[in-house]
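Novice: Dropping a structure here in structure tokens format, bear with me for questions.
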Amino acid sequence: MSKFLEDALYVSQNSVHVKIDRFAIERFVEDHSGQFKHWLDESPFRIQDLNERDRLHFLLTFNAVSFSYWGSPKWTVEHKGKMYDGSWGMVISLGRALEEGRDITDPHYLSSMSEEEWGIITRGNVPIPLAQERCQNLREIGGILIEKYEGDFNNLVSSTDRDAVSLVDKIVEEFPCFRDESLYKGRIVRFYKRAQVLVGDIEWMYRGKEGLEITGTERLTACTDYKDPFILRANDILVYSPTLAEKVDSYQEIPKGSDEEIEIRSNTAVAVDLIAEGLKKKNPKIRPKDVNDDLWLESQKKIQGIRPYHLTRTTAY
């Protein structure tokens, strides 16, 4: 069991506002095929077509700024006649920047990123939320790569023997913008959502490449963000207290670091781990991150009549 899951279990066992329905998990597992795609296999911008160095830096840049897309109206990007929002909107924005000659894979470019330049990169129907914070994150990762890793993110990746949890820890240690922790009943809870997603994305990039593969990804937990709990609740796996359900369903903001928010995130990680365990009967290679990708891709479908996801304004997710 990873320390991330240990923290999530502590919260889950002490939760007041969120519970997990084990019978709903059994139904979900019974109905599921046990087959999965990595979320980036569905990307509207072909990251695969970049060279290896640029691909790695693209993933770092993306995960440094991929958070908190909700709003009214929601930030949306138009590209080549199609509309994209959320994470796909960010992928398209960064891909579009490369097409326009703005090298978002270059740490020197990132380290001097201005808010005006960032506004051009993320131009859409409305300004992207938390633009200043995203811009600061880019300056941070660019500056640290130049100062400590000769401008090459692969130097950091290689310094951890390509172990998933060690790589998450190294990313969080070196880049403060990835440090995603909360305090719950006197205990620090380590989510590290964006760092874990980044490591999962790096594993996707190097899969099948002998000597370059990331190991230990079975110890990573789910994306403790908006979309996984959204789908888990739609399947009656996460059950909110009446008070929390009313807040979420009436679009009231749930404060970052509140017990309610921490319980949503932690129970998401535990529920996804339980689903992965159940699905191993169908596919022994299943990992929580695979279940995570499946839930996230499901959340991208425009489903009518489904209950909303919780709203928390944060750089964590």
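The values are calculated or read from the model by the stated rules, or taken from the named source; none is laboratory data. This is a predicted model, so every value here is computed, not measured. A quick note on method: Cβ atoms are made from the backbone with ideal geometry, for glycine too, and the neighbour counts reach across all protein chains shown. Surface accessibility is based on the protein's heavy atoms, side chains included, excluding ligands, DNA and RNA. Shrake-Rupley method; radii C 1.70, N 1.55, O 1.52, S 1.80 Å.
Novice: Within segment 274-317, work out how many residues are in a helix (DSSP H, G or I), buried (at least 20 other Cβ atoms within 10 Å of the Cβ) and charged (D, E, K, R).
Specialist: Number satisfying all stated conditions: 4.
Novice: While we're on this one: State which residue is surrounded by the most Cβ atoms within 10 Å (Cβ to Cβ) when the search covers only segment 220-238 and only residues that are of a type in the set (A, V, I, L, M, F, W, C) and in contact with a helix residue (DSSP H, G or I) (Cβ under 8 Å, 6 or more places away or on another chain).
Specialist: At the first step, the residues of segment 220-238 found to be of a type in the set (A, V, I, L, M, F, W, C) are 220, 222-223, 230-232, 234, 237-238.
Of the ones still in play, those that are also in contact with a helix residue (DSSP H, G or I) (Cβ under 8 Å, 6 or more places away or on another chain) are 220, 222-223, 230-232, 237-238.
Details: LEU220: 27, ALA222: 31, CYS223: 27, PHE230: 23, ILE231: 22, LEU232: 27, ILE237: 25, LEU238: 23.
So the residue we want is ALA222.
Novice: When you check GLY95 against the structure, is it part of a helix (DSSP H, G or I), closer than 29 Å to GLU298 by Cα and either of a type in the set (Gly, Ala, Ser) or open to solvent by 60 Å² or more (accessible area, probe 1.4 Å) (or both), yes or no?
Specialist: Numbers: part of a helix (DSSP H, G or I): yes; closer than 29 Å to GLU298 by Cα: yes; either of a type in the set (Gly, Ala, Ser) or open to solvent by 60 Å² or more (accessible area, probe 1.4 Å) (or both): yes.
Criteria met by GLY95.
Novice: What do you reckon, is THR268 closer than 18 Å to VAL197 by Cβ, of a type outside the set (Phe, Trp, Tyr) and outside any helix (DSSP H, G or I)? Full working, then the answer.
Specialist: On the way: closer than 18 Å to VAL197 by Cβ: yes; of a type outside the set (Phe, Trp, Tyr): yes; outside any helix (DSSP H, G or I): no.
No, not satisfied.
Novice: Something else now. Of the conditions (1) farther than 17 Å from ASP225 by Cα; (2) in contact with a strand residue (DSSP E or B) (Cβ under 9 Å, 6 or more places away or on another chain); (3) open to solvent by 10 Å² or more (accessible area, probe 1.4 Å); (4) not in a loop (DSSP other than H, G, I, E, B), PHE45 clears all except one; give me its number.
Specialist: (4)
Novice: Tally time: how many residues in segment 206-220 are at negative phi, assigned to a loop (DSSP other than H, G, I, E, B) and not acidic (Asp, Glu)? Explain how you work it out, then say what you get.
Specialist: Step one: list which residues in segment 206-220 are at negative phi, which gives 206-207, 209-210, 212-215, 217-220.
This time we only want the ones that are assigned to a loop (DSSP other than H, G, I, E, B), so: 207, 209-210, 212-214, 220.
Okay, now just the ones that are also not acidic (Asp, Glu), so 207, 209, 212, 214, 220.
Adding up the residues that qualify gives 5.
Novice: Can you pull out every residue in segment 149-199 that is of a type in the set (Phe, Trp, Tyr) and in contact (Cβ under 8 Å) with a residue 60 or more places away in the chain? It would help to see each step written out before you state the result.
Specialist: Here is the first cut: in segment 149-199, the residues of a type in the set (Phe, Trp, Tyr) are 149, 153, 175, 178, 184, 191-192.
Listed by number, the residues that qualify are PHE153, PHE175, PHE178, TYR184, PHE191, TYR192.
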